[in-house]
1. Could you work out which residue, out of Val66, Val254, Val284, moves most in a Gaussian network model of the chain, that is, has the largest mean-square fluctuation with Cα springs under 10 Å?
2. Sticking to Cα atoms, compute the Rg of the stretch 3-67 to one decimal and its Dmax as the biggest Cα-Cα distance, whole number, in Å.
3. Of the residues Met203, Met290, Met52, which exhibits the maximal mean-square fluctuation in a Gaussian network model of the chain defined by a 10 Å Cα contact cut-off?
4. Mind sorting Asp109, Asp152 by how few other Cβ atoms lie within 10 Å of their own Cβ, fewest first?
5. Which FRET efficiency value, to the nearest 0.05, is calculated for Thr243 and Lys121 with the Förster distance at 35 angstrom and r the Cβ-Cβ distance?
6. Over the chain, calculate the relative contact order: mean separation of alpha carbon pairs under 8 Å at least 6 apart, over the residue count, as a percent.
7. If you restrict to DSSP beta bridges whose two residues both lie in the chain, what percentage is antiparallel, to the nearest 5?
8. Of Val132, Ala259, Leu192, which is farthest towards the positive pole of the chain's charge dipole, taken about the Cα centre with +1 and -1 on the beta-carbons of Lys, Arg and Asp, Glu respectively?
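Since every read-out is calculated from the coordinates, none of them should be taken as a lab result. From a predicted model like this one, the values you see are computed outputs, not experimental measurements. Cβ: placed from backbone, ideal geometry, glycine included. Neighbour counts: every protein chain shown.
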Amino acid sequence: MNKRFKNLRGVDLNLLTVFEAIMEFGQLSAAGSQLGLSQPAMSSALQRLRVMLDDELFVRTKYGMVPTPAAEAWYEDIAPILNQLRESFSAKFESPQTSSRCFSVVAGDYFETVYLAPLLKRLQTDAPSVSVSVFPLSEQGIPDDFRYGKYDFALYRSLPIGSGVSHQVLGEETLVVMRSAQHPRLSSGLTLAEFLSEKHVVMESPRHAAYGLNTLLPAHNIDREIVATVTSFSAAALIVESTDALCTVPMGLVPFLSARFNIAVEPFPRKLEPINRMLVWPSVLDKDPMHSWFRELLLDVVGK
């Protein structure tokens, strides 16, 4: 018997998806729910995996199932393979008009505010059963496991460290200052002194603070009085419209926000480096026909 077939003869390949689900969800119950398996069935499958690989694989903690170093290494090996298998099946059976695939996009509020509705409008005609799930950026920007195909796409200004991702630069973004159109002290031509003397709303969240727009400003020794920290550009615009506070936002948001809120926009009073805009995807999905189709659709919508 051919050795490569003999080595797989005693392996239940269904255990691979169990292992993958535990790695991605961190809990047996959540992983089982994703696979349609009960908790006892998941526990039994995990025990078989431990025997098969001769490793504990996961340690139960109050934070969930924490993978061992061996489990981390094995996940790096099998995640791309499982995604390639999924690609193989989707290549045979999917087309935009008949597909019910859900594409996952890792992005910030900018994408949801400006591009999600136009994207869904296109899908309504071109692929009526295709859906989109948006996931937040992680502390490091694009999540570490992104390269293994856990998510389909990411929109960010830099690439994750390491290999395994493909990308296309969409362009550059500049920052502008948003103020109330009825601001009592400011008119066109905002100076740095005026900028610093006003109160500010910032678009940051605690776990994204080190990677948000605010990080572009400290290098310029700009110290601002913060009155509100929010996670939505629309919330920031509503505050700016209703108060004297300012908010620094990407220029690409201006058409959307100006049409909905009584605001005015001023150039940033200090020269800043432009921000890259990139569409990023796992290289293991490069040959997936539906993924390639959705990528072109995203580039058409987001690249405008």
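1. Comparing Val66, Val254, Val284 in a Gaussian network model of the chain, the most mobile one is Val66.
2. 12.3, 42
3. Met52
4. Details: Asp109 20, Asp152 23.
Least to most surrounded, the residues fall as Asp109, Asp152.
5. Details: r = 33 Å, r/R0 = 0.95.
Using R0 = 35 Å, I get an efficiency of 0.60.
6. On the way: 454 pairs, mean separation 66.5, N = 304.
Reported relative contact order: 22 percent.
7. Details: 25 of 39 bridges.
In the chain, DSSP labels about 65 percent of beta bridges as antiparallel.
8. About the Cα centre, the residue reaching furthest to the positive side is Val132.
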